[in-house]
Amino acid sequence: MEQRELTAKDKTRLTEMGIDEPKAKIAKIKPQYDRVVLLILESMHRDYINYYNHDIPEEATPFLNSLVIRYPHMNRYYSSAVPTTQGLNATFRSHLIMDKDLPGKNTPSLFRSAQAAGMRGIFMNASSQYYANELREYPTQFGMNEYYAKEYLEKQGYTGASGWGFHNDVMYEETLKLLEKAKAKNDRLVMVTKTLDMHQPYPYTGFSWNEMPDNVRSNQFITVRGVYWVDKTLEHFFKEAQKRGLMDDRTLFIITSDHNPHSGGEYTKLVTKAEDKQSIAPIPLIFVSKNLAPLNNLRTNEYASQIDLAPTLLYLLGIDVPEKFMGRNLLQPTDIPYALGYFGGKAFYWSDERHLVDQMDKPVPDTEYEDALTNYIIHYYGLWHQ
């Protein structure tokens with residue numbers, strides 16, 4: 001597949017899909033928040049929350065249920081890429097295809113834009129900094145100035161890491177401490193905490209058998225017990241944030257996922273709808289703050305995907321959105337909202353009008369829409385590295 005200029009026919013089909021080329025420039029507003037904290041869960045499907053899927057026991061996710069009911073959220077928010085690094089690329093750089101062999105130093109990102117505006121950019125990972133050379137790769141590709149991982153947490157005195165790394169309780173406690181220090185110094189920041197406890201094939205739970213509700217501990221799926229741990233650790237995190245004075249008008253918390261679970265195993269049994277268990281699938285997106293007015297224009301039931309989060313956050317922070325971002329600001333109306341994803345040479349597209357799974361290397365595309373979508377993705381991939 002080679003990059004080429006989009007044809008008039010491509011642009012017509014893309015417009016019919018809601019994909020405008022070029023994108024309208026987003027007007028800046030005054031900063032609505034001083035601190036944005038993203039809690040990025042590992043392999044968390046939207047339908048692991050009982051609110052969306054009643055095959056998950058209600059006792060497994062009561063706190064997540066309460067957040068969805070109380071706070072702004074997106075019901076049809078899709079991952080844009082799989083696995084973790086690619087999902088983070090979509091989240092931080094509003095782009096679909098990541099090639100680690102290509103230089104990322106000068107590419108736009110959520111972190112680079114926030115830091116250029118005087119904010120701190122913090123990323124904390126539960127796993128080792130040496131896994132996949134992330135200590136070098138992530139700051140180079142994504143641009144965060146502060147990168148912390150398992151080794152940093154060990155120096156802070158935390159113990160109990162197992163499997164992939166440290167567990168949710170440790171990650172959330174250190175997040176609270178970093179946030180307390182930042183608020184005391186009036187630091188503005190974008191902070192990301194990436195957890196691991198839902199990692200496939202089987203998640204972790206920090207509770208004994210007797211500590212879990214019967215409907216959770218006796219469930220045939222281990223994933224249900226893992227989701228219960230996720231729910232309880234999030235509940236503790238937000239109770240502590242409230243107690244420590246961190247739930248204020250100038251702080252926005254976001255709960256989401258790095259990507260949907262990989263196909264296979266318990267995932268395909270717990271999620272029953274065929275369209276929701278493809279390689280690209282719905283994940284949670286919940287905004288939590290004492291100040292919800294800036295999110296009044298969020299349209300809960302519109303299609304959206306990971307590439308839309310960075311433009312939305314930069315808008316809320318009063319920062320210009322890079323022109324090379326592929327996503328849109330979720331707080332501005334659009335005629336045809338859509339979700340867009342890429343995995344394994346396939347492009348995934350959802351809107352109210354149509355759903356496409358586009359095998360991008362087909363010699364002859366099945367439809368003009370698939371041809372235009374392939375050309376659009378390759379075109380933007382080429383522009384990204386110019």
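Things worth noting here:
- Close contacts from the range 176-189, counting a first residue that is surrounded by 15 or more Cβ atoms within 10 Å (Cβ to Cβ) and a second that is assigned to a helix (DSSP H, G or I) and among the aliphatic types (A, V, I, L, M), with Cβ to Cβ under 7 Å and a gap of 6+ residues or different chains, come to 176/241; 189/182.
- As a summary of the residue check, residue 344 satisfies the conditions (1) touching a helix residue (DSSP H, G or I) at 6+ places or on another chain (Cβ under 9 Å); (2) on the phi > 0 side of the Ramachandran plot except for the one numbered (1).
- Selection within the range 106-147 - out of contact with any Gly (no Cβ under 6 Å at 6 or more places or on another chain), under 26 Å from residue 186 (Cα atoms) and surrounded by fewer than 19 Cβ atoms within 10 Å (Cβ to Cβ): 116, 117, 118, 139, 146
- Number of residues in the range 179-224 that are more than 17 Å from the chain's Cα centre (by Cα) and either under 18 Å from residue 166 (Cα atoms) or part of a loop (DSSP other than H, G, I, E, B) (or both): the value is 19.
- Just one residue in the set 312, 300 is surrounded by 14 or more Cβ atoms within 10 Å (Cβ to Cβ) and not in a strand (DSSP E or B); that residue is 312.
- Residue 136 vs. criteria out of contact with any Ser or Thr (no Cβ under 6 Å at 6 or more places or on another chain), assigned to a helix (DSSP H, G or I) and free of Cβ contacts under 8 Å to residues at least 24 places away in the same chain: yes
- Where residue 236 falls short, out of the listed (1) surrounded by 21 or more Cβ atoms within 10 Å (Cβ to Cβ); (2) in a helix (DSSP H, G or I): (1)
- Close pairs from the range 248-259: first closer than 20 Å to residue 85 by Cβ, partner buried (at least 20 other Cβ atoms within 10 Å of the Cβ) and among the aromatic types (Phe, Trp, Tyr), Cβ under 8 Å, at least 6 apart: 254/287; 256/77
- The number of residues in the range 59-71 that are surrounded by 22 or more Cβ atoms within 10 Å (Cβ to Cβ) and either within 15 Å of residue 337 (Cβ to Cβ) or not aliphatic (A, V, I, L, M) (or both) comes to 1.
- Evaluating residue 211 against the criteria (1) of a type in the set (Asp, Glu); (2) in contact with a Ser or Thr (Cβ under 7 Å, 6 or more places away or on another chain); (3) free of Cβ contacts under 8 Å to residues at least 40 places away in the same chain leaves one unmet condition, (2).
- Applying the set (1) surrounded by fewer than 17 Cβ atoms within 10 Å (Cβ to Cβ); (2) within 22 Å of the chain's Cα centre (by Cα) to residue 243 leaves exactly one unmet item: (2).
Coordinate-derived values only; no laboratory data. Computed from a predicted model, the values in this text were never measured in an experiment. Cβ: placed from backbone, ideal geometry, glycine included. Neighbour counts: every protein chain shown.
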